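Below: one structure, written as structure tokens.
The values are calculated or read from the model by the stated rules, or taken from the named source; none is laboratory data. Everything numeric here is computed off the predicted structure, so don't read it as measured data. With ideal geometry, Cβ positions are generated from the backbone for all residues, glycine too; neighbour counts draw on all protein chains shown. In case anyone asks, the SASA skips ligands and DNA or RNA and just uses the protein heavy atoms, side chains included. Shrake-Rupley method; radii C 1.70, N 1.55, O 1.52, S 1.80 Å.
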Amino acid sequence: MTIRAEAVSKVFAHRGRSGAQTHAVRGASLELAPGQTLGLVGQSGSGKSTLARIILGLLPASSGQVLFDDSPTGRFGPADWARFRREVQAVFQDPRQSLNWRLDIASIVTEPLRNYGVGDRAGRRARAAELLDLVSVSSKLLSRRPPEVSGGQRQRIAIARALALEPKYLICDEPLSALDVSVQAGIVNLLLDLQERQGLAMLFISHDLAVVRHL
């Protein structure tokens, strides 16, 4: 089971400007195999996040295709997408935007479990505590909301949520860029530890060559 992008391109048309277009991605191809780490490196505005969103099915490609287990995602029906979302999860750049600040941390971490009807309320609460322990966050924070914890803890919570369904693939889209330098190393080491313990395949998107080299 692999994820492949084959000659993927994305063109955005400019509103109100006849014929004006931006080529965000041009002919990008990659393959992510089970257990592998693949670094996707480029400057800001080079189309890295756009390609990640196409791979995740959050944006359609203008041309080319993405395949999951040799099946084109462009032909997926609801059941196919449900399987894909269990196997492929994402950690986004800024946890201030990717976490719902109106919910407590227990509700955030167990959202995937509720969506897939996994367990009962007590079981999901227990699983939330396990997931926080996995990412080295105290379960005492389960009743708090994202504004009440640090930026590093918020990103660890986002990683915990991504792991709730025990995915095989993790798409990490600039997961360090919104964090202080002092906490970035801890998140990198956490991702490495999780990959080793859970056999995750990881697409790690960054503009920082040193971090990618370390991974």
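What helices (runs of 4 or more DSSP H), lying completely within the stretch 136-215, carry at least 2 residues that are within 23 Å of I105 (Cα to Cα)?
Details: elements: 151-162, 181-198, 209-214.
The qualifying helices (runs of 4 or more DSSP H) are 151-162, 181-198.
Go through the stretch 93-114 and report how many residues are basic (K, R) and not in a helix (DSSP H, G or I).
Just the residues of the stretch 93-114 that are basic (K, R), to begin with: 96, 102, 114.
Imposing the further condition that a residue be not in a helix (DSSP H, G or I) reduces the set to 102.
Looking only at that region, the number is 1.
For L200, state whether it is farther than 12 Å from Q155 by Cα and surrounded by fewer than 20 Cβ atoms within 10 Å (Cβ to Cβ).
On the way: farther than 12 Å from Q155 by Cα: yes; surrounded by fewer than 20 Cβ atoms within 10 Å (Cβ to Cβ): no.
For L200, the condition - farther than 12 Å from Q155 by Cα and surrounded by fewer than 20 Cβ atoms within 10 Å (Cβ to Cβ) - is not met.
Somewhere in the stretch 107-127, is a residue touching a Phe, Trp or Tyr at 6+ places or on another chain (Cβ under 9 Å), over 22 Å from A185 (Cα atoms) and not β-branched (V, I, T)?
Within the stretch 107-127, the subset touching a Phe, Trp or Tyr at 6+ places or on another chain (Cβ under 9 Å) is none.
No, the stretch 107-127 contains no residue that is touching a Phe, Trp or Tyr at 6+ places or on another chain (Cβ under 9 Å), over 22 Å from A185 (Cα atoms) and not β-branched (V, I, T).
What number goes with the only condition from (1) over 17 Å from the mean Cα position of the chain (by Cα); (2) among the small types (G, A, S); (3) in a helix (DSSP H, G or I); (4) farther than 30 Å from S44 by Cβ that A82 does not pass?
Here A82 clears every test but (1).
Got a sec? Which of E148, E111, E87 is within 13 Å of the chain's Cα centre (by Cα) and among the acidic types (D, E)? Lay out the reasoning, then the answer.
Numbers: E148 fails: within 13 Å of the chain's Cα centre (by Cα); E111 fails: within 13 Å of the chain's Cα centre (by Cα).
Just a single option satisfies the conditions, and that option is E87.
Would you say L179 is at pLDDT below 95 and either open to solvent by 40 Å² or more (accessible area, probe 1.4 Å) or within 21 Å of P112 (Cβ to Cβ) (or both)? Even if it seems obvious, please write down each step before you answer.
Working: at pLDDT below 95: yes; either open to solvent by 40 Å² or more (accessible area, probe 1.4 Å) or within 21 Å of P112 (Cβ to Cβ) (or both): no.
Taking the combined requirement at face value, the residue does not satisfy it.
Has the stretch 70-79 got any residue that is modelled with pLDDT of 95 or more, closer than 17 Å to A201 by Cα and surrounded by fewer than 17 Cβ atoms within 10 Å (Cβ to Cβ)?
yes
Anything in the stretch 9-52 that is within 28 Å of L200 (Cα to Cα) and part of a loop (DSSP other than H, G, I, E, B)? List them, or say none.
A33, P34, G35, Q36, G42, Q43, S44, G45, S46, G47
Restricting the first residue to the stretch 99-128 and requiring it to be open to solvent by less than 10 Å² (accessible area, probe 1.4 Å), which pairs with a second residue that is acidic (D, E) meet a Cβ separation below 7 Å and a spacing of at least six or different chains?
As it stands, the answer is none, since no pair meets every condition given.
Determine whether A160 is farther than 24 Å from R4 by Cα, within 16 Å of the chain's Cα centre (by Cα) and of a type outside the set (S, T, Y). Talk me through it step by step, then tell me what you get.
Working: farther than 24 Å from R4 by Cα: yes; within 16 Å of the chain's Cα centre (by Cα): yes; of a type outside the set (S, T, Y): yes.
Here the answer is yes, as A160 does meet what is asked.
Which one of these is surrounded by 13 or more Cβ atoms within 10 Å (Cβ to Cβ) and more than 26 Å from H214 (Cα to Cα): V11, V41? I'd like the intermediate steps shown before the answer.
Numbers: V41 fails: more than 26 Å from H214 (Cα to Cα).
Matching residue, one of V11, V41: V11.
For L59, state whether it is closer than 22 Å to Q155 by Cα and either open to solvent by 20 Å² or more (accessible area, probe 1.4 Å) or at pLDDT 95 or above (or both). Can you show your working first?
Values: closer than 22 Å to Q155 by Cα: no; either open to solvent by 20 Å² or more (accessible area, probe 1.4 Å) or at pLDDT 95 or above (or both): yes.
No, not satisfied.
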